[in-house]
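For reference, the structure discussed in these notes is given below.
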Amino acid sequence: MKRLGGCLIGLALGLVVAATGYDRLNAWVGATDLPPLAVGTSVEVLDRNGQLLRAYTVDDGRWRLGVEFAAVDPAFLAMLVAYEDKRFYRHSGVDPRAFLRAIGQALWNGRVISGGSTLTMQVARLLEDGPTGRWQGKLRQIRVALALERQLTKAEILALYLNRAPYGGNLEGIRAATRAYFGKEPLRLTPAEIALLVGLPQSPTARRPDLHPERARDARAAVLRRARDAGVIDQGTLKAALRDPVPVRRIALPALAPHLSDRARIAAPTEGRHNLTLGASLQSQLEALSARAAADYGQRLSVAIVVLDHRNGEILASVGSAGYRGDARLGYVDMSRALRSPGSTLKPLVYGLAFDEGLAHPETLINDRPVRFGTYAPSNFDGTYRGPMKVREALIESRNIPVVSLTEALGPARLMAALRRAKVRAVLPGNAPAGLAVALGGVGVTLEDMVGLYASLGNQGRAVHVHYRQSDIGPAIGAKVLSPEAAWQIGNILSGMPAPPNAPRIGLAYKTGTSYGHRDTWAIGFDGAHVVGVWMGRADGTPVPGAFGADLAAPILFEAFARLKPDLTPLGAPPVNTLLLSHAALPAQLREFQPRDALFTMDADAPTLVFPPDGAVIETQGAPLVAKVENGTAPYTWLANGAPILVATPAKQAALNLAGPGFFTLSVIDATGRTARAQIQLK
């Protein structure tokens with residue numbers, strides 16, 4: 001009978017009005033202290049097309065996804081009003097007829113058959129989270145409802161209901177409910193889905209479809225029948241809707257790009273929605289790719305991937321780790337922004353700077369042999385030496401000696417300045433001055449910055465404003481990192497890199513890198529529109545024995561490009577001033593690079609040209625030049641001006657046919673790659 005007493009409140013209110021008069025009621029309503037009308041909703045992160053990437057619960061742990069009145073299916077609103085408050089658009093917050101009906105039914109049946117609460121009264125209760133059974137609570141709801149109707153439109157009142165109605169568990173608001181139960185937005189709903197959502201808030205715990213599907217089905221049927229009786233749906237729709245299954249599990253809300261989403265929230269903590277440049281589909285595919293790749297190499301390996309459109313600087317995908325978990329991979333650490341050693345991935349920039357400075361050309365010969373710069377004696381990764389080789393080959397084969405020689409000629413400071421122009425934050429160990437080891441990865445950089453550096457290679461040498469927020473529009477043209485000609489030459493060379501085993505030979509311009517101690521493996525590639533960067537390693541910085549960028553990261557790079565688009569965008573034609581010449585046609589100063597201050601190490605048994613000596617002027621009278629080498633390991637290869645003239649001969653003496661007269665750089669390379677040379681003139 002206590003519930004019956006609650007239904008008499010409407011009658012009591014009517015008596016109050018009769019006794020005190022309308023003016024006092026008006027004053028009573030006017031003096032109402034309304035609860036806050038602003039509804040705290042979940043922070044949302046959206047992709048470039050407005051698709052939900054990730055959402056965050058509100059402070060009390062509830063999912064409450066904000067929704068506008070216009071973003072809800074009108075059929076839902078029609079069925080809601082027909083079931084809950086059919087005179088909603090005609091009353092002023094309290095429906096006397098509904099109260100009288102409820103009282104009459106309760107008196108006749110001795111129990112509550114239907115309530116007298118209007119939708120506005122339900123909103124009042126939701127705003128204050130107040131009680132419903134006690135008469136004081138009901139009276140408060142009446143007062144707040146009457147006051148709400150004076151200050152808000154009917155659409156605004158419905159919008160409050162749409163955002164606050166409970167739907168079971170920690171779900172509040174229709175949008176959280178449709179995402180969790182149906183996996184979609186509330187703008188397009190079936191009659192069966194609508195009926196379930198209309199019936200759930202009356203008893204959200206007892207009718208939860210994932211816990212109590214039978215009760216949920218019964219509640220849905222009751223709503224559908226009343227909607228049929230009210231003319232909202234017809235009999236055929238009712239029968240079809242009753243056959244639809246009830247969802248028996250909750251669908252997890254999207255949780256894509258967790259690291260970048262967290263970063264967006266920290267950058268703009270007061271914003272409720274963050275519109276990013278990412279694409280949800282690509283992001284999902286690359287997160288799955290990174291998880292699969294990491295699983296192949298143990299529980300501690302992590303993977304980071306960044307995809308960029310270098311035409312506008314927009315980040316299209318950003319994977320910070322192989323899983324956003326506090327596990328052995330340290331998945332909460334965003335490895336796309338962690339400082340790591342880039343290994344050989346800085347080499348293309350060194351070569352591009354050398355091209356711009358006129359120090360080298362792709363066809364220039366450069367010596368790959370043991371060398372020392374002061375106390376610094378770099379070596380190749382594999383411990384071998386190739387002797388004279390073309391710059392193009394030195395970059396493709398990632399030889400260390402040539403790139404250090406070029407860095408010494410340029411000066412490490414110039415390399416660091418170029419990194420700054422490309423907006424790469426390069427951190428030196430202990431803030432020491434830059435040395436030649438920078439060219440081999442002796443500096444800390446991030447994957448995101450390195451992708452930006454390679455974006456400048458694809459963007460005619462201009463720096464790119466890398467950004468992930470749609471509102472973060474940068475300059476259309478960035479600083480000059482390289483000339484368009486040098487950038488094109490680098491792209492042309494890197495597009496000749498051999499593809500990883502089982503990968504398609506698509507001509508992708510890319511470079512791999514492995515840091516000292518096998519702690520980091522890299523692969524970064526670009527075409528005429530996009531850049532993709534892949535990092536693989538352990539977040540704690542411990543080595544991954546035997547890991548090489550070409551083996552680990554390069555295959556993932558090619559897979560990432562395949563998910564980005566079916567075909568590569570061409571790099572484009574060379575700029576008009578690009579020097580496209582063979583080695584023989586190069587100007588003399590570009591045919592062979594000679595380090596300025598290098599001291600070539602001479603082993604005790606290193607090859608030595610006995611004849612001709614350096615600087616010799618020889619008259620051959622048209623006969624072959626007889627040259628002789630001592631020491632070294634046979635067989636020997638002889639070159640004149642970088643061109644082979646006698647290959648793999650076992651003898652230490654050779655008759656060389658030189659097309660004189662003229663000046664020649666005569667070189668001999670032994671089987672171990674050690675070289676001896678002499679500058680001579682033939683008359």
- Against the longest alpha carbon principal axis of the chain, how many degrees, from 0 to 90 and to the nearest 10, is the axis of helix 9-20 turned? 70
- Note on the structure: Under the Karplus relation with 6.51, -1.76 and 1.60 and θ = phi - 60°, whole-Hz ³J(HN,Hα) for region 546-562, x at Gly and Pro, equal x, 7, 10, x, 5, 8, 8, 7, 4, x, 5, 4, 5, 5, 5, 5, 5
- Query: Considering only DSSP beta bridges whose two residues both sit in the chain, what percent are antiparallel, to the nearest 5?
  - Reply: 90
- Message: Can you show me the helix-derived [θ] at 222 nm for the chain, built from DSSP H runs with n ≥ 4 at -39,500 (n - 2.57) apiece and divided by the number of residues, rounded to the nearest 500.
- Response: -10500 deg cm²/dmol
- Once Lys and Arg are counted +1 and Asp and Glu -1 for all other residues with Cβ under 11 Å from that of Glu84, the total becomes +1
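Sorted by packing (mean other beta-carbon atoms within 10 Å per residue), highest first, where do 328-339, 615-626 land?
Final packing ranking: 328-339, 615-626.
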- Task: With 21 Å as the limit, write out which pairs from Lys423/Lys480; Lys347/Lys480; Lys628/Lys683; Lys423/Lys565; Lys347/Lys565 have Cα-Cα distances beyond it, or answer none.
- Result: Lys423/Lys565; Lys347/Lys565
- Item | Among 642-653, 148-159, the order from most to least packed when residues are scored by Cβ within 10 Å on average | 148-159, 642-653
- Message: Show me the ranking of peptides 213-219, 341-347, 561-567 by mean Cβ neighbours inside 10 Å, starting with the highest.
- Response: 341-347, 213-219, 561-567
- Under a straight-distance cross-link criterion of Cα-Cα below 29 Å, which lysines are reachable from Lys86, leaving out those fewer than 8 residues away in the same chain? Lys2, Lys138, Lys154, Lys184, Lys239
- Query: Amide H neighbours of Leu656 under 5 Å, counting only residues 5+ apart in sequence or on other chains, H built in-plane at 1.01 Å?
  - Reply: Leu625, Val626, Ala627
- Task: With everything on Cα atoms, drop me the angle between helix 280-295 and the longest principal axis of the chain, reported from 0 to 90° to the nearest 10.
- Result: 60
- Return one number: the angle in degrees, 0 to 90 and rounded to the nearest 10, between the long axis of the Cα atoms of helix 96-109 and the longest principal axis of the Cα atoms of the chain. 70
- Mind checking the full-extension length gain between Asp327 and Lys239? Use 0.36 nm per residue of separation minus the Cα-Cα distance, one decimal, nm. 26.7 nm
- Task: Please give, to one decimal in nm, the separation of the simple spin-label points placed at Ala268 and Ala417, each 7 Å out from Cα toward the Cβ.
- Result: 3.7
- Task: Could you name the aspartates and glutamates whose alpha carbon sits less than 16 Å from that of Lys511, not counting residues in the same chain fewer than 8 places away?
- Result: Glu393, Glu397, Glu448, Asp449, Asp520, Asp527, Asp551, Glu559
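Only the coordinates and a few stated rules stand behind these numbers; no lab work does. On a predicted model such as this, the values are computed, not experimentally measured, just so you know. Glycine gets a Cβ as well: all are built from the backbone with ideal geometry, and neighbour counts include every protein chain shown.
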